[in-house]
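Undergrad: Okay, handing you the structure first.
The values are calculated or read from the model by the stated rules, or taken from the named source; none is laboratory data. These numbers come from a predicted model, not from an experiment. With ideal geometry, Cβ positions are generated from the backbone for all residues, glycine too; neighbour counts draw on all protein chains shown. When the accessible area is computed, the model is the full protein with side chains, heavy atoms only, and any ligands, DNA or RNA have been set aside. Shrake-Rupley method; radii C 1.70, N 1.55, O 1.52, S 1.80 Å.
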Amino acid sequence: MTAILFVGDVVGSAGRRTIRTMLGELREELRADFVVVNGENAAGGIGITPKHADELFKAGADVVTLGNHTYRHREVWPYLEEERRIIRPANFLATQPGRGTAIVEHDGVRLGVVNLAGNLYMNQAAPALLAIDDALREVGSVDHVLVDMHAEATSEKVALGWYLDGRVTAVVGTHTHVPTADARVLPGGTAYITDVGMTGARGGVIGVRREQSIAVMRTHMPQRYDPAEDDPWINAVLIRCAPGGGAEAIEQILRPAP
Ligand SMILES: [Fe+2]
Ligand SMILES: [Fe+2]
């Protein structure tokens, strides 16, 4: 039975260290055939560089997904064109570098991965719930499809889950960095969770050093943001696939780094 491990937003050096130390063992323990990692905050808490993407691949990621911080670091722009295992939201403009879908294969099983970004508070080029149809056509006929919906609004993620129920194996939400308690397999057979959470320092404010975030909220004055280091955890989900497509189970994996 195919299993997919999906890891929530890796934030900064604490997140990358957690991936380096935990992902290999976790993959073995959970017998995950595929590992998909959201890496949009891997570099210093915002965006990703080719070096940090390579680090995630080396640690065991088969596919890296992104989000609203995709283009923060200029050096990743050409990398997104060259490296097929890293994807940015499919509903970005066609003129923006990179692609929105990837296909990977393991032991004769083909997994399609789609990245989408929400529209509410995130201003993407096209509505996610429209763009997904084209993205699924682009993926074509594969054994399983996992969709990473990178969005702020819970409503938009829930709506996408229902829209895709029975059409894909899993719809997983990212971006808020806080795991939600609604992981389940929908009636049509699609595994769903509104937010997987983040892989990074739980002792901060969604990845930022807490004293800096508190200062901004108390003073309304700009302040530098550094990634938090305190109390790193991995937040992930394991999706057990059904033989004929769809999912049998989705389980949250929430563990402190050793
Ligand atoms: Fe994000
Ligand atoms: Fe994020």
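The rows are residues; the columns are (1) touching a His at 6+ places or on another chain (Cβ under 8 Å); (2) under 22 Å from PRO256 (Cβ atoms); (3) within 16 Å of ligand 2 (Cβ to nearest atom).
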{"site": "ILE132", "(1), (2), (3)": "no, no, no"}
{"site": "VAL147", "(1), (2), (3)": "no, no, no"}
{"site": "THR169", "(1), (2), (3)": "yes, no, no"}
{"site": "PRO187", "(1), (2), (3)": "no, no, no"}
{"site": "GLY197", "(1), (2), (3)": "yes, yes, yes"}
{"site": "GLY204", "(1), (2), (3)": "no, yes, yes"}
{"site": "HIS220", "(1), (2), (3)": "no, no, no"}
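Undergrad: Moving to a separate point now. Could you count how many residues in the stretch 165-210 are open to solvent by less than 30 Å² (accessible area, probe 1.4 Å), within 16 Å of ligand 1 (Cβ to nearest atom), of a type in the set (A, V, I, L, M, F, W, C) and in a loop (DSSP other than H, G, I, E, B)?
TA: So the count comes out to 2.
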